[in-house]
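The values are calculated or read from the model by the stated rules, or taken from the named source; none is laboratory data. What you are looking at is a predicted structure, and each value in this text was computed from that prediction instead of being measured. Cβ atoms come from the backbone with ideal geometry, glycine included; neighbour counts cover every protein chain shown. For the accessible areas, the whole protein counts, side chains as well, though only heavy atoms, and no ligand, DNA or RNA atoms are used. Shrake-Rupley method; radii C 1.70, N 1.55, O 1.52, S 1.80 Å.
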Amino acid sequence: MFQYHPERIIIDKAVAAEPLTEQICGRFPEVPTQLVENFAWHQDETGTDPLRNPLTQGKKTLHLKYFKGTSIKACPGFSNDLVCCNYFTLDLIENCPFECTYCILQAFLNKPVITVHANLEEILEQVRQRTVAQPDTLFRVGTGEHSDSLALDHILGIKSHVIRFFAKLPNALLELKTKSSNVEHLLDLPHGGKTVISWSVNPEA
Ligand code: SF4
């Protein structure tokens, strides 16, 4: 089973009291935590500069951050010239520990750390408001734009909250796309038939 173990957890003050912060720190009780105003990875001198350090080293820093923007967005591929499949993205984690050599994320993201948006209740409330505002639209929502949806979930335990939340939304489906086979912790959740997990696979190296 794939394991991830950070060397440090950096917590922005804005999420210090969030239940998800407490949950994640509780899963790594021996890992040092650092409370900061706003973590600026590019000013950090302890090994997170992507130009000087291998990707893997940067990912040993887990950053718990307050997500300020609009959490649910139309898929960036949307254009008036295309027929849209009505897909939405939900930003919960940035960066992926799997490091597939062809993955665009390894070059696209401009920071090497793994970031969790820890104000989860607020993020999900945005989803609720967005879907309530368009009751005749079926929202397909994925969380895999900036990470593999489940690569870290058996360790961090974020998606169980999200799956329970989507179970109660009448006009939304949660789509979790992954290369992880660690899904046992999700199988008995009350999903209400509103979550779809799908896999892509790589050939043997
Ligand atoms: S699992 Fe997906 S997101 Fe992660 S490195 Fe591979 S292709 Fe990229």
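Yes or no, residue by residue, for (1) of a type outside the set (A, V, I, L, M); (2) without any contact (Cβ under 8 Å) to a residue 60 or more places away in the chain:
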residue	(1), (2)
Ile93	no, no
Thr115	yes, yes
Gln126	yes, yes
Gln134	yes, yes
Lys179	yes, no
Leu187	no, yes
Gly193	yes, yes
Val201	no, yes
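Restricting to region 167-205, name every residue that is among the β-branched types (Val, Ile, Thr) and under 18 Å from the mean Cα position of the chain (by Cα). Give the steps one after another, and end with the answer.
At the first step, the residues of region 167-205 found to be among the β-branched types (Val, Ile, Thr) are 178, 183, 195-197, 201.
Passing the criteria: Thr178, Val183, Thr195, Val196, Ile197.
Could you pull out every one of the helices (runs of 4 or more DSSP H) wholly within region 94-189 that has 1 or more residues that are of a type in the set (Lys, Arg)?
Numbers: elements: 105-108, 120-133, 153-156, 159-167.
Hits in region 94-189: 120-133, 159-167.
For Ser181, only one of the following conditions fails: (1) over 19 Å from Gln23 (Cβ atoms); (2) touching a helix residue (DSSP H, G or I) at 6+ places or on another chain (Cβ under 8 Å); (3) among the hydroxyl-bearing types (Ser, Thr, Tyr). What is its number?
(2)
I need the full set of residues from region 138-180 which are open to solvent by 10 Å² or more (accessible area, probe 1.4 Å), among the basic types (Lys, Arg) and within 16 Å of the ligand (Cβ to nearest atom), in order please.
The answer is Lys177, Lys179.
Quick check on my filter: what residues within region 21-35 are of a type in the set (A, V, I, L, M) and in contact with a Lys or Arg (Cβ under 9 Å, 6 or more places away or on another chain)?
Pass one, region 21-35, residues of a type in the set (A, V, I, L, M): 24, 31, 35.
Val31, Leu35 - these are the residues of region 21-35 that are of a type in the set (A, V, I, L, M) and in contact with a Lys or Arg (Cβ under 9 Å, 6 or more places away or on another chain).
Which of the residues spanning region 181-205 are away from the ligand (no atom under 15 Å from the Cβ), under 20 Å from Ile93 (Cα atoms) and open to solvent by 20 Å² or more (accessible area, probe 1.4 Å)?
Within region 181-205, His185, Thr195, Val196 qualify.
Which members of region 61-108 meet the condition of being among the hydroxyl-bearing types (Ser, Thr, Tyr), exposed (fewer than 10 other Cβ atoms within 10 Å of the Cβ) and away from the ligand (no atom under 16 Å from the Cβ)? Give the derivation first.
Keep residues of region 61-108 that are among the hydroxyl-bearing types (Ser, Thr, Tyr), which gives 61, 66, 70-71, 79, 87, 89, 101-102.
Subsequent filtering for residues that are exposed (fewer than 10 other Cβ atoms within 10 Å of the Cβ) retains 79, 101-102.
Across region 61-108, the qualifying residue is only Ser79.
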